[in-house]
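Single-structure report; data block below.
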Amino acid sequence: MIKFAARLLFFWLSPVFLFAQSIPPERRTDWQNAGLSAPPPLYAVIRNILDFGGKGDSLTLNDEPFIQALASLEGAPGIIDFPPGKYLFYNTLSMRDSLILRGAGAEQTRFYFDLGGASRHCIAFQGQIEDANQAIPLLEPCAAGDSLLYIQSDLKPGDFVNLEWNDSLVIYSSWALGSAGQLFIIKESEADLVKLNHLLRLSATIDQNPRLRKIHPVKDAGVECIFLKRLDGEVPFTSNLSLEYALRCWISGVESEQCNFGHFTLNASAQCEIYGCYMHDAFAYGGGGQGYGVVLQYTASDNRVQNNIFRHLRHSMLLQSGANGNVLAYNFSTEPFWEEFPNDGAGEIAIHGNYPSYNLFEGNICKNIRPDGAHGLNGPMNTLFRNRTSGY
């Protein structure tokens, strides 16, 4: 019996089986750097929304009190605190740098948005990217594994940039052209080169016109500990929380009920984090962009989606259009639903085409995973590791 046990132990500890429990080095990228690099900042200045006329009675509009509370910070870092109550809004809450919206918990602080059918998000982190005619061309091609780009510019350390190129060979949809690139922060700069904070994941020849566009992001901002529900439905391509050109932002402890396109959408954003949230239900579940949980798209890079719960959605986690280097780990999804047959056959993890690459899906529990390529090619090295499925 002892000899048998020893042989069994050797069998399970043999290099073949140990190798099967780890990701081969050639399939990895710097996933350890995805998301926030440190805990969210603790801003000292706090404004209570009630001090500016806010009321959590589910009837009083709180748009103007929010504007006044935000103005009182005079651009400084700060927190707008929402005590327990039901807060009604008719307009988008626009985030800026170093701003936190904080409630007393999703069961106590509840936000309700009725945007009157307008094509707007409920809460928006909206940065800006410089025009395409201001793009800075690379002087030499760029190759996967590089961290230096040869370029003549006035970019400085800390600048946030989008590397893009003519990518029609791998991008299927016209709306996604230019998204098969990567987002970076400049670490060092000299007269004719810049050093990046990440290694390049893909390559581009000089004929593909690789170029940098500077981004002016919303950065270091977050939404914490609230419940959020949109009341006006059937508004295409709007999300409950939208992060576009955002850097180092976070959503934590948020419950989001009923969405149009997606509950939380990250477009061209980097090093953001969605943690400990609950997303459920949608107004509709048909094709063309309805009923999603978290969407990572348009070159979204190095973000982390971890320890969240998804319920009754078409796609709980969807990646497309050049999303790369993101980590989606230890999430739980249940009750997938779409209008197709069978109704519970929707892919809760969907790798949706237009060349997402180098994304890690680890330790998630769901029914269905569908690397469907609905919009053309998926890119290389998307890695599914130690997930558990119970559906089709």
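Observations
- Flag if S179 is in a loop (DSSP other than H, G, I, E, B), within 15 Å of the chain's Cα centre (by Cα) and either of a type in the set (S, T, N, Q) or under 15 Å from V294 (Cα atoms) (or both): yes
- For D207, the stated conditions hold: it is over 19 Å from the mean Cα position of the chain (by Cα), under 25 Å from G376 (Cα atoms), modelled with pLDDT of 95 or more and not in a loop (DSSP other than H, G, I, E, B).
- Within the stretch 269-294, considering residues that are buried (at least 22 other Cβ atoms within 10 Å of the Cβ) and in a strand (DSSP E or B), the one farthest from the chain's Cα centre (by Cα): A282
- Inter-residue pairs, beta-carbon under 7 Å, first modelled with pLDDT under 95 and in the stretch 148-167, second in a strand (DSSP E or B) and aliphatic (A, V, I, L, M), 6+ apart: S153/I136
- Within the stretch 303-316, the residues that satisfy the criterion of being outside any loop (DSSP other than H, G, I, E, B), among the hydrophobic types (A, V, I, L, M, F, W, C) and surrounded by 24 or more Cβ atoms within 10 Å (Cβ to Cβ) are V305, F310.
- Residue within the stretch 182-193 that is modelled with pLDDT of 95 or more, under 15 Å from the mean Cα position of the chain (by Cα), under 23 Å from H312 (Cα atoms) and of a type in the set (S, T, N, Q) present: no
- Count of the stretch 169-182 residues, restricted to those that are surrounded by 15 or more Cβ atoms within 10 Å (Cβ to Cβ) and touching a residue at least 12 places away in the same chain (Cβ under 8 Å), is 9.
- Candidate set from the stretch 335-372 (those that are small (G, A, S) and under 19 Å from the mean Cα position of the chain (by Cα)); member that is farthest from F261 (Cα to Cα): G363
- The condition of being among the charged types (D, E, K, R), closer than 23 Å to D167 by Cα and either in contact with a Phe, Trp or Tyr (Cβ under 8 Å, 6 or more places away or on another chain) or modelled with pLDDT under 95 (or both) holds for only one of R230, R201, that being R201.
- When restricted to residues that are over 23 Å from T299 (Cα atoms), in contact with a Gly (Cβ under 7 Å, 6 or more places away or on another chain) and either of a type in the set (S, T, Y) or outside any strand (DSSP E or B) (or both), the stretch 210-266 contains 5.
Conditions (1) small (G, A, S); (2) crowded, with 17+ Cβ neighbours inside 10 Å; (3) in a strand (DSSP E or B), marked per residue:
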| position | (1), (2), (3) |
| --- | --- |
| A124 | yes, yes, yes |
| E140 | no, no, no |
| G145 | yes, no, no |
| P157 | no, no, no |
| D167 | no, yes, no |
| F184 | no, yes, yes |
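- Qualifying residue in the stretch 329-339 (condition: modelled with pLDDT under 95, closer than 27 Å to Q32 by Cα and assigned to a loop (DSSP other than H, G, I, E, B)): no
- Put simply, of L266, L243, L319 the only residue that is more than 22 Å from G363 (Cα to Cα) and either free of Cβ contacts under 8 Å to residues at least 40 places away in the same chain or crowded, with 24+ Cβ neighbours inside 10 Å (or both) is L243.
- Within the set G75, G85, the sole residue that is buried (at least 20 other Cβ atoms within 10 Å of the Cβ) and on the phi > 0 side of the Ramachandran plot turns out to be G85.
- Extreme residue, farthest from P25 (Cα to Cα), among residues of the stretch 358-392 that are surrounded by fewer than 23 Cβ atoms within 10 Å (Cβ to Cβ) and of a type in the set (S, T, N, Q): S390
- The stretch 343-392, residues that are in a strand (DSSP E or B), out of contact with any Gly (no Cβ under 9 Å at 6 or more places or on another chain) and of a type outside the set (D, E, K, R): I349, A350, F361, I365, T383, L384, T389
- Top-ranked residue in the stretch 101-112 [being among the hydrophobic types (A, V, I, L, M, F, W, C) and crowded, with 22+ Cβ neighbours inside 10 Å; ranked as farthest from G233 (Cα to Cα)]: L101
- Test: residue in the stretch 295-302 that is modelled with pLDDT of 95 or more, hydrophobic (A, V, I, L, M, F, W, C), surrounded by 21 or more Cβ atoms within 10 Å (Cβ to Cβ) and touching a His at 6+ places or on another chain (Cβ under 6 Å): no
The values are calculated or read from the model by the stated rules, or taken from the named source; none is laboratory data. Quick caveat: nothing in here was measured; it's all calculated off a predicted structure. Ideal geometry is used to build each Cβ from the backbone, glycine not excepted, and the neighbour counts take in all protein chains shown.
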